[in-house]
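Here the structure comes first, spelled out in C-alpha cells, and everything after it is commentary.
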Amino acid sequence: MSNKCPKCGAKLSPFYLKPNCPSCGVNIVQYGFDERLESDKIRAEKEWERTQEVLHRLAHSNRQTHIVFSADSRTADTCI
Ligand SMILES: [Zn+2]
C-alpha cells in the first residue's frame, strides 16, 4: 500500500493501519476497486489472447511437422 491517500493525496504514515484516510475519510483499501478490477480484466483478456495465439501457432506447427514427416519418407512416419 502506498503512503498517500489515493483520493486526496494526503501523506500517510507507513504505520497508519486504519482503513480510512484521516483527511477525507475515504476507504483507502477499496478506493478505485472497480477501476482496478476493470484494468485487471482487460490485462487478463490480452494475456489470454496471446496464449491462444501461441497455442494456435503450436498446433499449426505440429500439423506442418506431421505433413513434412509423412511426405518425407514412410520410415520417418513409422518411427513417430
Ligand atoms: Zn484522503
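Some observations on this one:
- Of the residues in the stretch 34-57, not one is modelled with pLDDT under 95, surrounded by 10 or more Cβ atoms within 10 Å (Cβ to Cβ), within 28 Å of the chain's Cα centre (by Cα) and part of a loop (DSSP other than H, G, I, E, B).
- Residue within the stretch 27-48 that is within 16 Å of the ligand (Cβ to nearest atom) and either at positive phi or among the hydroxyl-bearing types (Ser, Thr, Tyr) (or both) present: yes
The values are calculated or read from the model by the stated rules, or taken from the named source; none is laboratory data. Model, not experiment: these values are computed from the prediction. Every residue, glycine among them, receives a Cβ derived from its backbone with ideal geometry; neighbour counts consider all protein chains shown.
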